[in-house]
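First up is the structure itself, then whatever we jot down about it.
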Number of protein chains: 2
Amino acid sequence: MEITKSNLLSELPGIEEAIKNASFLAIDCEFTGLITSCKINPYDTPEEYYQKIRLCSKDFLVIQFGLSAFRYDTGSKSFKEKSYNFFLFPRKFNKNLPDESFLCQVSTMTFLINAGFDFNKLFKEGIPYLNREGRLQLQTYLDEAQKIKNKEPVPIPDHLKSEIDDVFKEIKNFIKSGDEERVLNTSSAFCRRLIYQSLQERVGDVVTLETRFEGDDRTLVVSHSKTGKEIAEIHRKIMREAIGFSEIIQLISKSRKPVVGHNMMLDVFHTINRFLVKLPEDYKSFKDCAHCLFPCIFDTKHIGSHMIFKDIIQSTVLSKMLHSLLQKPFNPPVVENDIVGLAKPYSVLEPREHEAGYDAYITGLCFISLWDYIGKKIGYKGSVFENINVLGPYYNKIYQMHLRDVPYICLDAPDVRPSREHVFYISFSKTWKVADIVQLFSPFGFVFVSWIDATSAYVALNNRENYPAVLKSLAKSTAYKIMTYSQHQAILGKLKPDKVGDKELEQSDDLGVVVTRDKRKRKSTNDDQSGSAQKQRKNLTESNESVLFNSLLVNKTPDKAFAEDDSWE
Amino acid sequence: MEITKSNLLSELPGIEEAIKNASFLAIDCEFTGLITSCKINPYDTPEEYYQKIRLCSKDFLVIQFGLSAFRYDTGSKSFKEKSYNFFLFPRKFNKNLPDESFLCQVSTMTFLINAGFDFNKLFKEGIPYLNREGRLQLQTYLDEAQKIKNKEPVPIPDHLKSEIDDVFKEIKNFIKSGDEERVLNTSSAFCRRLIYQSLQERVGDVVTLETRFEGDDRTLVVSHSKTGKEIAEIHRKIMREAIGFSEIIQLISKSRKPVVGHNMMLDVFHTINRFLVKLPEDYKSFKDCAHCLFPCIFDTKHIGSHMIFKDIIQSTVLSKMLHSLLQKPFNPPVVENDIVGLAKPYSVLEPREHEAGYDAYITGLCFISLWDYIGKKIGYKGSVFENINVLGPYYNKIYQMHLRDVPYICLDAPDVRPSREHVFYISFSKTWKVADIVQLFSPFGFVFVSWIDATSAYVALNNRENYPAVLKSLAKSTAYKIMTYSQHQAILGKLKPDKVGDKELEQSDDLGVVVTRDKRKRKSTNDDQSGSAQKQRKNLTESNESVLFNSLLVNKTPDKAFAEDDSWE
C-alpha cells in the first residue's frame, strides 16, 4: 500500500496494528545516493570504516521506505503479510528554519528512474520527518516565534508615511469588526516590514500579523491574537505533521520486534540518523545506539552468504536470492497478503524491484525461507516460526561488503578481528605502479594490493603462511618503507580494543528506551514475544543447538573477495 | 519547444539557425538549489562576494535551460521569436568515471514541483553536458581504455578452472565463426574477472571483451577487436553525445550575440561553470572569462531597477515586471512566434512561470519593451531595434541583490566602489545583541547592523554625515573594539584595486576565443552585427547620446535596501 502525506494519518492506525501484531518486520530504503567518493580501504579497521561510511553517506536522503509486517498464523501454519511503501521528503516548515540541502548521485537517480521511481510524486507527496535534533530545532523555533521580535527599527521614509498610516487605520477597523482576518493592502516587502515594526507601538498585541506566500505573491494578513491554549494546539499540530514518518520508525523501535533487511548497513545508518537521532560520532556508541533502538536485527544477505548455502544460493543479490529460495531444496510456507481495502498486494509474479515496499516484501519472503531451512537443518523439533531463536547465530549481524576480511559487523558483541599478520604496509615514491609491488613481493607468491593513496598501500599475501619471511627479506631497502599491518596501526594510534557497551548513551526517553552501562539491564517498554525471544536467545547460544552453528560460522575470508557479485564490476 | 535527449540532434540545425539569425538571445536557468547557507554580508567586497557565491552555488545543477531567440524583422517592424526549453541532466558514461554527486535544496525542489516541473522527464530524458574539464577527463578515459589493463592477476581457484577453460573454448569457437558478437556464459563477476585477466595470454588481442549491464544482470560479451579507425569513430560519437547541451552554449558564445537574462548572476555562473569551463578562482579572472565568453550581456532586472522606471515599474519580479511592461506608458512592438512544426508556442495568455523556456521568452519580451522605451526616452531618431547601442549604459552589468550598496557587477569595467566611510567594524563579547549596538550608536541616529559572526558586525549609519564623530566618541572603550570599514579591510589584506583585464586568461581555442592581456585585441571568430555593435558602443559611450544616461545612472544606494521586493521576507 502506498503511503504519502495525503493518507499517512488515515492509515496510521492500520500500520500501528500491523506492527503490533507482527512476528517480524522487513524493511528496505531507497536513497538519493549511496556513498560519495571516500576511499574505503579493504583493510580499514571497522572503526575507520564506520567513520568513512557515516560521513560519506549522511548527506543523501531516504526517499522511499518499505515496511512489510509478517505475522505467523499458528492455526493455518502460514504467514500473513501487510506491506507499505512510504514516499519521504523533508519539508521546510518555516522560512526562518534552515533550508536543508541534500546530495544526489547521478547514477542512483538514473537507476531509480529506470526502475520506475516516481520523483514527481516524491517531491509533491513525500511525507516529512524529523529526528530528535530536528524536533528540538522546530520546538525552539515555535517557542521563540512567540516572543515579540525585536527587529532593529528602520526609519519610515516620508513618501511611505501615508501608506503606513492607511494600513493602521485598516487594522483598527478590523479590530472593531467581527471578521476573523483581513488581507491588508501593502505595496512592498519594505512596507510590510515597517508595519511589523510599528504594530506593538500602534495597536498593542491584540492582533497578529502574518505574511502568506503564494508563488511569487505575498500578502499581509491581520488576525486576532490567539490565546496561549490555542497557540499550543496549533503548535502540537505543526509538530505532529513535522515528525511525520518518524512516528512510524518510533513505533517499530518501541515494538522491539525483529527487523529484517537485506544488505542493510545503509538502511540502518539512515533510519537512525534521519528518523530517530543523529548518528553518534564514534563506532562503539553507534553499535550501542543501534542495538538499543533495534534490539533484534537480521540481514538476509549475511544469512544467505553463509557456507551452508554455498551450493544452493547462487547469488545473494536480492532478486536472485529470492529466486533460489523459492525452489528446492527450500520449501517455505504459504504467505498471504493481508491488506484490507483497495490496495493491490505485492506478488512475486509481478515484480517491482527497487520499489522499497516490494523489496521489503521479498526480503521478508527470503527471511522466511531461510528461517524454515535453518530450522530443519539444525533439526529443530518444535514449530520453527514460533521460535526465532533457531536463528541465534545470525542475530544482530549486518552484512559488510567493503572490508576484505570482515564479513559482517556485530551490533551486540565485539566484531570479528581476523589476523592481518599477512598484511603489510608499504610506502614508496609516486612513480610506483601495481606491477612494482607485485614484482617486489614475487618471492612470496600472489599478493592483493589495496592502495591507501598515491604513495602507500596495504599488501596482503595470498599464501598467508609466507608472512614471517617478508620483513626479513624486504625491510633492508631504502627505496621504500615497509612494516607490518599492526605496526602501522600502532603508529596511527588506532589499535584500541573494541569493547562493546563501555560507553553510556544519552538517555532517549521519547523512544521509550533507556540505555545503561550494562546493556542487559535495558528497560523494554513492552514485554512482547521478541523481547523475551531475545532473553531466550542468550540461553540458546550457550546451548547445544548452537554448536552446529558455531562450527559452521567459519571465517569465510578466503572466498569472500572472490565470490562477491556486487563488488567486482 | 521542448528539447530532451531524444530530439536534441534532430532539432540542432534549427536551433543553430535560430541563434545565427537572432538579434538577441534571452536565457533562463532552473536550478536544483540557489545558495547553500554561506554568510554573505551586505558589506562584503565584490571579491568576497564572488568567492562566497561561487563556492556556495557550484554543487547545484542547472536542470532546465530556456533559450529564446528574438529576430527583428526590419520589413514588418516586428520581432519573430523561437523558444526552446531544454531538460538537462548529467550522465555517467562509464562506471570507471567518477559518479557525480550534486546538491538539491528542499525549498527549491518543492517550489519547482509546485510550479509543475516534471522531474521524471528530467531524470529520464535530460540532456547530458560537459565543460572543458569533463571533456578532458572523458577523452583521457577513452584513450586509456585502449591500453590493455594490467590488472594484478589473481590465482584461479581449482574449482573454477574448468569453467574458465570452457569459456575460452567458446571464445575460440567464436573467433572462427562469422558472428558479430557472442554472449559468454559465466557464473559470477569473479569468473568474468579471471577471463579478462587471461584473455591476452590465451587468445591475444583479436577479440575484445565487454561487460554489459541490464538492471542487476551483467553479461560478458565477446566481439572481434576493432580497427583504430573504427574505435576513433566510436569515440567521436561517445564524445559528441557526452558534450550534448554544451554544444548549444558553445554556439551561443561563438555567435557573440547579445545575451539577455533576468537577475542573471547565477545563470551566468552556472552556464560558464557547467557547460564551458570551470569558474576561475579569482574574481578578476571570472570577469575577464565571462566577458570573453559572452561579450554583450543585459540583465533586465538591472535595467528595470533604474531610477527612470521608479514610478512605472512597481516590482522587478519577472512576471510582475512583464505585467508593467505590457501596458502604458510602454508600447512594445508585436512579437510573433516563429517555431515551425507542431510545437505549441509560448503566450503570456497561458503563463508557464518558472519553466525556463517560458521565463526566457518573457525576459525577451521585457527586454524589447525596455529597449523601446529607452530608445524613445533618449530621443533616438533611427530604428531603435536596429541599434542595440541605445542600451549602452546597461551593457555587461549584472544585477546584484545581496550587497547593500553595490547594485550591479560590471563585467567589462571596474565595479562601483561606493564610499563606506559611514560603515564601522565592531567586535564585542558573545553576550551582545542588536539592541546593545543600536544603543551604543544612538547618538548618531539609526544604524544598519550586519553581523559578521557572533562577536563582530558591520554597523552603517543611516545619517552618513555623522561619520566623522563616531571614532572620536566611541573609540575609547575597552568593552569592544571599533574601527573604520577601511581599517578593517586593510587588516584583512583585501583592499586591492580592481583592475579589469590585468590577468591573462588561459587560451580556450575550442570556443574560438583568445583572450590577450589587452581585451580590446580580442579576436572574434565572426564579424557579425553584435560584434561590430560592441565596437560602435565604445564610441557611443563617449558621444553625447550617453550623457543623459550618465546623469541618470546615479548610485541608487539609499533606496536599494528598502525597495527590493525579494530580499526582505
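The values are calculated or read from the model by the stated rules, or taken from the named source; none is laboratory data. Everything numeric in this text was worked out from a predicted model, so none of it was measured. Every residue, glycine as well, gets a Cβ built from its backbone with ideal geometry; the counts of neighbours run over all protein chains shown. Keep in mind that these areas ignore ligands, DNA and RNA; they rest on the heavy atoms of the full protein, side chains included. Shrake-Rupley method; radii C 1.70, N 1.55, O 1.52, S 1.80 Å.
Tell me the carbon and sulfur percent of the accessible area for the stretch A:145-235, rounded to whole percent, probe radius 1.4 Å.
C and S atoms contribute 49 percent here.
Using every alpha carbon pair in the stretch A:145-235, what percent of pairs falls into each 5 Å bin from 0 up to the bin containing the largest distance?
Going from the shortest bin to the longest, the percentages are 3, 12, 24, 24, 21, 12, 3, 1, 0.
Any idea how far apart residue B:490 and residue A:483 come out in nm if each label point goes 7 Å out from Cα toward Cβ?
Calculated label separation equals 5.1 nm.
Quick check: at a probe of 1.4 Å, how many percent of the accessible area of the stretch A:1-73 sits on carbon and sulfur atoms?
Answer for the stretch A:1-73 is 52 percent, counting heavy atoms of protein chains only.
Explain nothing, just the number: dipole magnitude of the stretch B:423-491 about its Cα centre with +1 on each Lys and Arg Cβ and -1 on each Asp and Glu Cβ, in debye rounded to the nearest 20.
Using Cβ point charges on Lys, Arg, Asp and Glu, the stretch B:423-491 gives about 140 debye.
Excluding ligands, DNA and RNA, what is the accessible area buried between chains A and B, summed over both sides, using a 1.4 Å probe, to the nearest 100 Å²?
Counting protein atoms only, the buried area is about 5200 Å².
Just to confirm my numbers, what's the Cα centroid distance between the stretch A:365-430 and the stretch A:70-92 in Å?
Value for the Cα centre distance between the two parts: 25 Å.
Compute the normalised compactness of the stretch B:218-365: alpha-carbon radius of gyration over 2.2 N^0.38 Å, N being the residue count.
Taking N as the residue count of the stretch B:218-365, the ratio is 1.46.
Could you do me a favour and compute the accessible area per residue for the stretch A:50-97, 1.4 Å probe, result in Å²?
Per-residue value: 31 Å².
Can you tell me the order of B:62-68, A:451-457, A:273-279 when each peptide is scored by its average per-residue count of other Cβ atoms within 10 angstrom, highest first?
Sorting B:62-68, A:451-457, A:273-279 by mean packing, highest first, produces B:62-68, A:273-279, A:451-457.
Once you place label points 7 Å from the Cα toward the Cβ at residue A:95 and residue B:377, how far apart are they in nm?
Each label point is offset 7 Å from its Cα along the Cβ direction, giving 2.8 nm.
Any chance you could run the full-extension gain for residue A:205 through residue A:185? It's 0.36 nm times the residue separation minus the Cα-Cα distance, nm to one decimal.
5.2 nm
Quick one: which bits of the stretch B:192-235 get at least 50 Å² less accessible when the partner protein chains are in, versus the chain alone, with a 1.4 Å probe?
Listed by number, the residues meeting the 50 Å² cut-off are B:216, B:218.
How large is the charge dipole for the stretch B:145-235, taken about the Cα centre, if only the Cβ atoms of Lys, Arg (+1) and Asp, Glu (-1) carry charge, to the nearest 20 debye?
300
Is there a pair in B:77/B:377; B:82/B:344; A:433/B:226; B:176/B:226 whose C-alpha atoms are over 22 Å apart, and which pairs would that be?
Pairs exceeding the cut-off: A:433/B:226.
Using each residue's phi in the stretch B:362-370, evaluate 6.51 cos²θ - 1.76 cosθ + 1.60 at θ = phi - 60° and report the 3J(HN,Hα) Karplus result to the nearest Hz, with x for Gly and Pro.
With coefficients 6.51, -1.76 and 1.60, one gets 6, 4, x, 4, 4, 4, 4, 5, 5 Hz.
Using 7 Å Cα-to-Cβ label points, what is the residue A:476/residue B:172 separation (nm, one decimal)?
4.6
With only alpha-carbon atoms in the gyration tensor, what are the semi-axes of the equivalent ellipsoid for the stretch B:397-477, in Å, largest first?
Working from the Cα gyration tensor, I get semi-axes of 27, 15, 10 Å.
Sort B:224-231, A:219-226 by packing, meaning the average of other beta carbons within 10 Å per residue, with the highest value first.
Listed from highest to lowest mean packing, they are A:219-226, B:224-231.
Quick check: residue separation of residue A:219 and residue A:120 times 0.36 nm, minus the Cα distance between them. What number comes out in nm?
Additional length available on full extension: 32.8 nm.
Quick check on the stretch A:1-114: take the gyration tensor over C-alpha atoms, sort the square-rooted eigenvalues as a ≥ b ≥ c, and tell me if it's rounded (a/c under 1.5), prolate or oblate.
The shape class here is oblate.
Past 24 Å, Cα to Cα, is the threshold; run B:20/B:121; A:58/B:430; A:161/B:310 against it and keep the listed order.
B:20/B:121; A:58/B:430
Give the accessible surface of the stretch A:423-491 per residue, rounded to a whole number of Å², with probe radius 1.4 Å and ligands, DNA and RNA excluded.
52
Among DSSP beta bridges lying fully in the stretch B:165-319, give the percent that are antiparallel, nearest 5.
Looking only at bridges with both residues in the stretch B:165-319, the antiparallel portion is about 80 percent.
Quick one: net charge of residue B:241's neighbours, Cβ under 9 Å, K/R +1, D/E -1?
+4
Comparing the chain by itself with all protein chains present, which residues of the stretch B:74-100 are at least 50 Å² less accessible (probe 1.4 Å)?
Correct list: B:99.
Could you state the accessible area per residue of the stretch A:145-235 in Å², with a 1.4 Å probe and every protein chain left in place?
61
Once R0 is set to 60 Å, what does the formula 1/(1 + (r/R0)^6) return for the Cβ-Cβ distance between residue B:39 and residue B:9, expressed as a FRET efficiency to the nearest 0.05?
So the FRET efficiency works out to roughly 0.85.
Select from the stretch A:111-132 all residues whose loss of accessible area on going from the chain by itself to the full protein assembly reaches 30 Å² or more (probe 1.4 Å).
Residues shielded by partner chains are A:113, A:120, A:123, A:124.
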